[in-house]
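Input: a single structure, listed below in structure tokens.
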Amino acid sequence: MKFLKIAISSVLILFVLSCTRNQDNSVQTETYKKLRKTMVQRQIQARGVKDPKVLAAMQAVPRHLFVPEAQRNKAYDDRPLSIGWEQTISQPYIVAFMTEQLGVKPGDRVLEIGTGSGYQAAVLAQIADSVFTIEIIPELAKKAQETLTELNYKNIIVRSGDGYHGWKEKAPFDAIIVTAAPPKIPPLLLEQLENGGKMILPVGEYVQELVVVHKTERGMEMQNILPVRFVPMTGEIRK
Ligand code: SAH
């Protein structure tokens, strides 16, 4: 009898504890959701991003889960953040701006070079059919994969390797986004772009320009749209 009493009270205590923990979590989730709403309104809509698909994706993806725990309270600030290995997660506005400029649509197959935290891939995966993303630092690729699996993204494939070569077996892509800056446009990426497709990437060494390439029947149309500052693309392109 005594044993039964102890067992029942232990179960009750555990139940109460787990409720408080869940409540803590849901309060946190709500707080982050509000911060995200403010981020979308003040940093993204206010600067002219209009595509409702992009705005909904930026509202949906829990950015705080893509940054190291010590940075969580800064996750919705108007700036890039360190993610370790001397790499950064881009400023929210840049992620939204590039996604809008890329013109990603439902049904698209997208290639990303520079997975980093996996955040940009998640934003793209909210809109597109599938996202193939390559990261040169194996530890970052592994971490991004873990975050994306935990968040149940089933339409993102992460690969560790040098994105300079693109991903031939999965090509062609409707859209390609590069989030590390090469000194010049990697030719294999242009080859792996579908006719009518778009690519967006920062190009340059110290001074970089965000370039949009549109692959048309007449050839490649290039447009410089914004001066930017990204981490350099490493690997084969430097040889
Ligand atoms: N898109 C990321 C941020 C990118 S930071 C995010 O949403 O968090 C740029 C990333 O590009 C870094 O993680 C860097 O390691 C990676 N990178 C640099 N050169 C690369 C290459 N040649 N191939 C693949 N990834 C590369």
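Take Pro172 and decide whether it is surrounded by fewer than 20 Cβ atoms within 10 Å (Cβ to Cβ), at pLDDT 95 or above and under 21 Å from Thr99 (Cβ atoms).
So Pro172 fits the description; yes.
Output the residues belonging to the range 116-156 that are farther than 24 Å from Tyr93 by Cα and more than 11 Å from the ligand (Cβ to nearest atom).
Within the range 116-156, Lys142, Glu146, Thr149, Glu150, Asn152, Lys154 meet the criteria.
When you check Leu65 against the structure, is it within 13 Å of the ligand (Cβ to nearest atom), touching a Ser or Thr at 6+ places or on another chain (Cβ under 7 Å) and not in a loop (DSSP other than H, G, I, E, B), yes or no?
Considered against the rule, which asks whether it is within 13 Å of the ligand (Cβ to nearest atom), touching a Ser or Thr at 6+ places or on another chain (Cβ under 7 Å) and not in a loop (DSSP other than H, G, I, E, B), Leu65 comes out as yes.
Check the range 222-231 and report whether any residue there is under 17 Å from Tyr164 (Cα atoms), within 12 Å of the ligand (Cβ to nearest atom) and out of contact with any Lys or Arg (no Cβ under 9 Å at 6 or more places or on another chain).
Yes, the range 222-231 contains at least one residue that is under 17 Å from Tyr164 (Cα atoms), within 12 Å of the ligand (Cβ to nearest atom) and out of contact with any Lys or Arg (no Cβ under 9 Å at 6 or more places or on another chain).
On the given criteria, is Gln87 within 17 Å of Ala181 (Cβ to Cβ) and surrounded by fewer than 20 Cβ atoms within 10 Å (Cβ to Cβ)?
yes
Which residue is surrounded by the most Cβ atoms within 10 Å (Cβ to Cβ), if the candidates are limited to the range 214-239 and must be of a type in the set (Val, Ile, Thr) and in a loop (DSSP other than H, G, I, E, B)?
Only one residue fits best here, namely Val231.
With the requirement that a residue be outside any loop (DSSP other than H, G, I, E, B) and either without any contact (Cβ under 8 Å) to a residue 24 or more places away in the chain or in contact with a strand residue (DSSP E or B) (Cβ under 8 Å, 6 or more places away or on another chain) (or both), what does the range 108-124 give you?
Arg109, Val110, Leu111, Glu112, Ile113, Tyr119, Gln120, Ala121, Ala122, Leu124
Suppose the filter is out of contact with any Asp or Glu (no Cβ under 8 Å at 6 or more places or on another chain) and assigned to a loop (DSSP other than H, G, I, E, B); does Arg47 pass it?
yes
Based on this model, can you work out whether Val158 counts as touching a strand residue (DSSP E or B) at 6+ places or on another chain (Cβ under 7 Å) and in contact (Cβ under 8 Å) with a residue 12 or more places away in the chain?
Criteria met by Val158.
Name, by its number, the condition in (1) away from the ligand (no atom under 16 Å from the Cβ); (2) of a type in the set (Ser, Thr, Tyr); (3) in contact with an Asp or Glu (Cβ under 8 Å, 6 or more places away or on another chain) that does not hold for Thr179.
(1)
Suppose the filter is under 22 Å from Trp167 (Cα atoms), in contact with an Asp or Glu (Cβ under 8 Å, 6 or more places away or on another chain) and within 11 Å of the ligand (Cβ to nearest atom); does Gly107 pass it?
no
Determine whether Ile83 is within 11 Å of the ligand (Cβ to nearest atom), in a strand (DSSP E or B) and at negative phi.
So Ile83 passes the test.
When residues of the range 197-213 are filtered for being surrounded by fewer than 17 Cβ atoms within 10 Å (Cβ to Cβ) and touching a helix residue (DSSP H, G or I) at 6+ places or on another chain (Cβ under 6 Å), how many remain?
0
Under 9 Å between Cβ atoms, which residue pairs at least 6 apart in sequence (or on different chains) link something in the range 212-238 that is among the polar types (S, T, N, Q) with a partner that is within 16 Å of the ligand (Cβ to nearest atom)?
Hits for this filter: Asn224/Val203; Asn224/Leu210; Thr234/Ile136; Thr234/Ile137; Thr234/Asp162; Thr234/Ala180.
Taking the range 92-113 on its own, how many of its residues are buried (at least 24 other Cβ atoms within 10 Å of the Cβ) and within 15 Å of Ile157 (Cβ to Cβ)?
4
Just to be sure before I move on: is Val123 within 11 Å of the chain's Cα centre (by Cα) and either crowded, with 20+ Cβ neighbours inside 10 Å or of a type outside the set (A, V, I, L, M) (or both) in the structure I sent?
Criteria met by Val123.
The values are calculated or read from the model by the stated rules, or taken from the named source; none is laboratory data. Bear in mind that the values here come from a model prediction, so they are computed numbers and not experimental data. Neighbour counts run over all protein chains shown; Cβ positions are idealised from the backbone, glycine included.
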